[in-house]
Structures are given as structure tokens and as C-alpha cells.
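Contents: one structure, followed by commentary.
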Amino acid sequence: MLRYVLRRLLGAIPTLFLIVTGAFFLIRIAPGGPFDRERTLEPTVMENLNRIFQLDKPLWEQYLHYLGNLARGDFGPSFIYRDFTVAELLAAGLPVSMTLGSLALLTALLLGGLLGCIAALYQNSWIDYAVIATATFGITVPNFVLAPLLALIFGVWLSWLPAGGWNGGTPANMVLPVIALALPQVAVVARLIRGSMIEALRADHVRTARAYGLPTRMVVVTHALRSACLPAVSYLGPAAAALLTGSIVIEQIFGLPGIGRYFVTGALNRDYTLVMGTVVVIAVFVVLFNLIVDILYAALDPRVRYD
Amino acid sequence: MIRQTVTTAMLAGTLAMLAMAPAAAQTYVRGNDGDPETLDQHKTSTVTEANVLRDLYEGLVVYDTEAQVIPGVAESWEVSEDGTIYTFTLRDTAKWSNGDPVTAGDFVFSFNRIMDPATGAKYANILYPIKGAEAINKGEEGELGVTALDDRTLQITLERPTPYFLELLTHQTGLPLHPASVEAHGDAFVQPANMVSNGAYRLESFTPNDKIVVTKNPEFHGADEVAIEQVEFIPFEDLANCARRFEAGEVHSCSDIATEQIADLKARLGDQVRIAPYLGVYYYGVNTSREPFDDLRVRQAMSMVIDREFLAEEIWSGSMLPAYAWVPPGIGNYLDTAPELAYATLPMLDREDEAIALMEEAGFGPDNPITVEISYNASENNKNTATAIANMWAPLGIETTFNVRDISAHYAMLRDDKIHDVARAGWIGDYSDPQNFLFLNRADNPGFNYGLYDNPEHDGLLDTAANTANLEERAKILAEVEAMILRDLPQIPLLFYSSRSLVSPKLSGWADNIQNAHPTRFMSLTE
């Protein structure tokens, strides 16, 4: 098991290397640079800035320089937040994005799982239809529509919750963003669990458990749910990716200080180092998450073994 | 008797609440356009940063609520007969937030730092009127014309009389820094733990993408008159988010409003929506080095058929003013009746006929159409404006295509390649003087001369104006320059900007002004 994890982690290094290389050169292909704005700079000033940020060197040299720094954990200075290094920005933003993401994931799994189970147990009843209708609705309404609506209803009209802002991570400020982020995933998870639960309830081992006269709750929770969970677990990878991209939108709409916004502002302003920093963090995150999913799989599915 | 007691108790309670309310409301939550690139005043250039720095630091002179120049650190000043030597007397009560006195030497240090090419100050050229500044900033030898005669007397010598010099000093590039902190901490002097400032507020914290918190500076010489204890600057890239939080009562002011929301917000919030003339022009640069745009008749026709009232009212929801001139109205040091395009008051139908005739004269028309590519930086309003203009051009036999880039790519193209036919640009003035708009068309200003205008007479007149001390005469010369631009139209003015803000009725002391400058030290909050 440990050997498997190590092998996977080592295997991730070339992947990350390719991602870093690709991203480094892609952002440089984009026309314009970090100092191009409405106000054109004096040539001498431009020269100085390019020297300060080492943009005057050949691209391959900058690339090697960046790789070298990255290997030492140095993400470099930011171009658009000149009072901060990229590492400082990421360190400040990452906890916010992670809190949001994990809360949303938890909500999606618990609520989606519960709804899916209920729908499966009452298959083809009005409860089932209601759950599926809500789920379909949740998938079709994009979160850039949902988020402002939630803020408008609960923040502006009803004044129950703050309409935006982070406020140091006060729970009240998290409620709306987490819901907006989780809702589409709740819908997906509910549909997945419903499908696999229906299948699991008809499976041989569940039928056997029933035949033994075990109580229904025990049959459902310990026997059916365990195998019904598998599709949801394999969906965790895509779900995490969806939450990451979703948080870019949600952070923008609610004005939260996560790393998603750095990705957008960094790219638009040609803040090369900031974009690279976010790319690296997101790539590492996706690689790690896929690994966790695979390990979870082994724990849940007796047919899967890692040697 | 009992009733009396109850009333008194209620009254006391109400009074107590009234007394408590302002104390609880002393944090002014202020929406800003975004995060500052840095809080190092020498490395900044945008309005976003100006809003924060104006509260943190005090320059020699400052803006009041109406954006009029009033004494800041300097309590008085004298200007020499020929307008080139300014002698400032600094107030002896001016102090840094650590208690050090603000001295003339601090200003000498600051002006030298911003001009040092090694600082990489993006906007140092705004201070080029100071003697020797340009040479030093361009890496040549020289001495800066800023000297401390004693601790409280600062003398600034200029290259030539510059009537807007005091106005220039209100810009953030003119703010002093605390030399000891800069020497001790280097670039890190901007961090909350290190920053020593001399304004009404001092920096408490700066969390990117979240907020900047500044608190009242007890050492500030006017601290007794500063009512608001604390300000939180919230960066809003999503304008609708600011509007929502404003309506929810979480934010006291927004620094901008999304165009598509203006009508709706006006209807619901009334005069909390503030739209005021702003010192800025929105224009299209026409590449006069390309055919057929080298033909004045084509440029005139293109300008003539643009229905600027439609753009201002329909596309921009009344948040812009139609521009028939290059220099925005209400600017200082200018004539009361400035030049404008000859067809400003002509009905659209007549203008269209005249434009078609001009195009025919130039050999173009629906039978012999020309193709024009409009380049603009991506934004909903720029897109709608370009689409509307393409429609207005259609009757002239102009077929329009679009080239949309993001802002970095757009301005990099304009600066380096200049491969546009027609390109959208905008300019917000830094100081209230026509020179700040007219210099955009100088041949030796390739960074802004998007019309590639090359007229020695025009540049010569600007030089003459620069050396004219008499304000009236100078204004006349500058008006000649503007008339020349409007005659030759290397760049076509379309709209004048307005500032758009949401201001809570709880906030008093916010006055609309042409610089959109709103220092917190003159404001107060009530419940």
C-alpha cells in the first residue's frame, strides 16, 4: 500500500513537470506583458521593471530560473500584487478555497447521498420524482446564475445572511457560497447514488441479507450503501475539479479571498508568476485528490487490491 | 407622574442609543475598484491606489471634498514672479504616525526616490515639470530642483512655469515617504507592521482580495476633525456584488456601478446613485498612416455620422456625456467657451447627408465600400459601442469588422505594433489642465498617439503654451491646439466619462467632483 502511494507520487512528478512547462510557455505566448496598461511607460522605466523582474533575459533562461526556484519552493514575486510574493498570496488564499471546497464537497456527498438513497428506496413514487426533478434543476442552473440569486434573496431581500465578503471566515459568510458551490454537485451525487442504490438493492448479496431477515435499515446502510457508494467515490475526482473551477466563479461573485480569483486576475493581467503559482497548486491538488480516490476505492471495494 | 417617568426613561434610552450609534458605526466600509498593485506611492498610477493613499498620506497640498487644492503638509507657499520657483512653508504640527515631525528633507528624499530609475516608478513622468527630473529619470546625470532650505521650508524649482503644478502635487506621486522606514525595511516598508504614514489614517492590515483596513492616526495634525475611526477598503471587480452588498447595508459606498444596472438602481435608490462629470474622454484613434484613413474627408465623415447622444443615453445608460471636443468640460486653466466640432448642434439627418457627400468626394460609397477594423479591449460596453458605431457607419459604405483583445494585448498592440485601423482608447486626466489631454496627440508621444498624428505646428504650439506664464494667453494657445485636433481628427472623441458611485445616506461629506476624489477625513457616518 505504502509502496503504491510512493510510486503514484513519484509518477506525478513528470506530470507536474509537463503541466508547469506547458503553462509557462502558453502564458508567454499571450500578447502583451504585465506592464501594458492604458498608461504607457517611459522606455527607461520599462527597462528597469523588466530587469527587476528578470524579463529581459531570454525565455529559456527565465524558464530554467523558474524551474530552479520552484524546486526550492520559491514561486517568485507577483507582478500585480507587488507588496506580496506569490507564495504569500497562495498561503493566504488556499485556506479560504480549501474551506469552501471541502465544505461544499461534504454537503454534496451527505445531502446528495441522502436524497439519492431516499429516491432509490421509494423508486417511482412522487418522492423519487421530486428528487430527480430537483436534481435535474440543480444541474441545469449554472452557479453564476444561482450565486447572485441566493445573495439577492437571502442577503438583500430577507437580510438573513451577508450578501458577500469573507469577514475572516465567519460561518454566516460561508453559508451562501457553500450552498451555491455544492448545489450542482448535490444534484449529480443524488442521481448517481439513486442509480447505483437501485442496482445494489437488487444485488444478490443484498437479497441474501434480506432473506436472512436482517432489519431493513441494516440491509440498506451496511450492505447496499457500501457498494452503491462506489460510483460516487469515483466521481470525487471530477467533483473536486468541478468545485475548483466553480470556486473561481463563486469567489468572484461573493468577493471571497480565495485562490480562484488569482487565476483569473493573474491571467488577465499577465501576472506570469501568479498564474504559474495557481496552476501548480491546482495541479498538485488534482493529482493528490485522484490518489485519495484510488485509495478510498481499495478500502471500499473488496475486489480492488493494490500491491 | 408615572407617565412622566416612563417618557423620561424612554428619552434617556433613546439618547443613550443615539450616543452609542455613531460609535458603533465608525467603520466606513468603502468599495474600491480593486486591490492596489502596491501601497508604495511611487510605484502606483491608478485611481484605485489613489483612493487608499489619499487617506494614508498627506502631500504638500491636498484636495478638499470638492477637489479644490487646499493646504496639506504645507500651510502656505509662495510662487516666484516667473512661476518657476515654489517655496513651501511646512506646518510645524505635521507628524508621522510614529511621532516624528514631517520635514522638508522627507520631501527631498521622496522626490529623489521617485525619479531614481532604479525605483522603477511607473508614473514618474508626471513630475517632469520639476527641474532636472526628466534627465535623472532617464538615467542621465543631473540635480533635482527640490531643496530643503530648512526643516520647515521646501523649495521646488521647475523647468518652466507650470500653472497646474500645485494640482500635480495632489497626485499620489507627490506624497512623502518616511525615509527612516524606507531605509530600514527597503521595499517592505509598505507592510502594515512597518508602514509609517503622515495622513489622517495609518495602515492596519492589507489582505489581498479581501480588504485593506486603515485606522485613524492620532498623530495627524487634524486628528480632532477626523470623524471616522476606521475605513475598510473592499476590492470589487464584480460591480454587481458591490451593489448587492450596498443594498444589504454592508457597504457604505461603491466606486463604480455596472452600466446595465444604472437605470434600475436609480429607480430604486434615487439620489444614492451619484453620476457626476469626470475628467476623462473615450475616443477612437484612427490610424492616419493607412489608406484610406489618411484622407481627412474620410475621418471627418466617420466622426460626423456617429450619434454620440445615442451612445451616451442608450449604450451607456446616461452614464457618459456626448463628446464633441477633445478636452472634457469643467477643466481648469481653460477658456469658458472651448472649441468643439462644427456639427455638434446639427441634426443627425443633415450630418448623415454631409458625411455621405464627403465620402463620395473621397471616392467611396456603398458602391465602392471601405473596410474598417475596430480594435477594442474586451468589455460589454466597448462591444456595444463598437457595434452601434458600425451600424452608424454602414450608410457611408463602411463595412466594419472587429478585433477584440484583452486589455494587456490591446494596449501592447497600440504601443508597439500599431496595426489597427481604428482603436478604442480612453484617458482619465491626472490633473485639471487641458495640457493633460492635448499631449496625447504629440508626435513625440508614441505611447498615446494612436492616430499617428504628426503635425509640427501642433507640437510647436504646445511647446509655446508650456513656456507661457500668462494663464489667459496660455489658454488661448491651448484652445488653438484643440481646434487643430478637431479639424484633423487623428483621434475621434466620442464620449466624456462620468464617475458613477453609490453613496449611502448615512455617509455625509461625500461631494461629487470632477476628480472623483473623496478623502475620508472630511466625511462622517451616522446611523
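List of remarks:
- Cα centroid separation - the range B:211-284 against the range B:307-382, whole Å: 31 Å
- Placing a label point 7 Å from the Cα of B:Glu360 along the Cα-to-Cβ direction, the residues of the range B:297-324 whose backbone N falls under 17 Å of that point are B:297-298, B:301-302, B:305.
- A Förster radius of 45 Å combined with the Cβ-Cβ distance from B:Thr93 to B:Lys506 puts the calculated FRET efficiency at roughly 0.90.
- Separation of the range B:496-524 from the range A:1-24 is 53 Å, based on Cα centroids.
- Per-bin percent of Cα-Cα distances, the range A:234-307 [5 Å]: 3, 15, 20, 19, 15, 10, 7, 6, 4, 1
- Residue order, fewest to most surrounding Cβ atoms within 10 angstrom, among B:His221, B:His410: B:His221, B:His410
- By the combined test of axial Cα extent (at least 18 Å) and Kyte-Doolittle hydropathy (mean at least -1.0), the qualifying DSSP H helices of chain B come to B:2-24, B:348-362, B:380-393, B:471-488.
- Stokes-Einstein translational diffusion, the range B:167-302 - Kirkwood Rh over all Cα pairs, 1.306 mPa s, 10 °C, in µm²/s: 81 µm²/s
- Using 0.36 nm per residue and subtracting the Cα-Cα separation, the extra length available between A:Leu2 and A:Leu158 on full extension is 50.9 nm.
- Cysteines in the protein assembly as shown lacking any other cysteine Cβ under 4.7 Å from their own Cβ: A:Cys117, A:Cys229.
- DSSP-defined antiparallel bridges as percent of all bridges, the range B:277-498, nearest 5: 65 percent
- Unit charges at the beta carbon, dipole of the range B:277-498: most positive-side option, B:Pro369, B:Gly447, B:Leu296: B:Gly447
- Cross-link pairs A:Lys57/B:Lys43; B:Lys138/B:Lys211; B:Lys266/B:Lys506; B:Lys43/B:Lys476; B:Lys138/B:Lys383; B:Lys131/B:Lys216 - those with Cα-Cα distance over 28 Å: B:Lys138/B:Lys211; B:Lys43/B:Lys476; B:Lys138/B:Lys383; B:Lys131/B:Lys216
- q = 0.05 Å⁻¹: log10 I(q)/I(0) that the Debye formula gives for the protein assembly as shown, counting C-alpha atoms only: -0.34
- Each residue of the range B:412-420 was assigned a 3J(HN,Hα) from its phi angle through the Karplus curve 6.51 cos²θ - 1.76 cosθ + 1.60 (θ = phi - 60°); the sequence is 5, 4, 5, 6, 9, 8, 6, 9, 8 Hz, with glycine and proline shown as x.
- The alpha carbon convex hull volume per residue for the range B:348-475 rounds to 162 Å³.
- When +1 charges are put on Lys and Arg Cβ atoms and -1 charges on Asp and Glu Cβ atoms, the dipole computed for the protein assembly as shown relative to its Cα centre reaches about 5280 debye.
- As a proxy for reagent exposure, A:Arg191, B:Arg91, B:Arg30, B:Arg487 were ordered by neighbouring Cβ count within 10 angstrom, fewest first; the result is B:Arg487, B:Arg91, A:Arg191, B:Arg30.
- A convex hull fitted around the alpha carbon atoms of the range B:262-320 yields 93 Å³ per residue.
- Unit charges on C-beta of K, R, D, E only; dipole of the range B:277-498, Debye: 520 debye
- Bridge type composition, chain B - antiparallel percent by DSSP, nearest 5: 75 percent
- Ranked for footprinting exposure by Cβ neighbours inside 10 Å, fewest first, A:Met1, A:Met197 give A:Met1, A:Met197.
- Between the range A:239-256 and the range A:167-202, the Cα center-to-center distance that results, in Å: 14 Å
- Kirkwood Rh and Cα Rg combined as Rg/Rh, chain A: 1.07
- Neighbour-limited loop hits for trypsin sites (Lys or Arg not before Pro), the range B:272-367 (at most 15 other Cβ within 10 Å; DSSP other than H, G, I, E, B): B:Arg290
- Counting only Cα atoms, the size of the range B:277-498 along its three principal axes is 53, 38, 36 Å, in decreasing order.
- Each principal axis of the Cα cloud of chain B was taken in turn, and the coordinate range along them, longest first, works out to 90, 69, 39 Å.
- Acute angle (nearest 10 degrees) that the helix A:2-29 long axis makes with the longest principal axis of chain A, alpha-carbon atoms: 50 degrees
- Partner shielding of B:133-139 amounts to 2, given as the average count of beta-carbon atoms from other chains within 10 Å of each residue beta-carbon.
- Mean projected area in nm² (Cα convex hull; one quarter of hull surface) for the range B:397-472: 7.2 nm²
- For residues of B:206-214, the mean tally of beta carbons on other chains within 10 Å: 6
- Under the simplified labelling scheme, the B:Leu149-A:Arg207 pair shows an inter-label distance of 10.5 nm, with each label point 7 Å from Cα along Cα→Cβ.
- Averaged over A:253-265, number of beta-carbon atoms from partner chains that fall within 10 Å: 4
- The slack in the chain from B:Ala344 to B:Glu527, taken as 0.36 nm per residue of separation less the alpha-carbon distance, amounts to 61.2 nm.
Rule-based calculations on the coordinates, nothing more; no lab input. Quick caveat: nothing in here was measured; it's all calculated off a predicted structure. In this analysis, Cβ positions are derived from the backbone assuming ideal geometry, glycine residues included, and neighbour counts consider all displayed protein chains.
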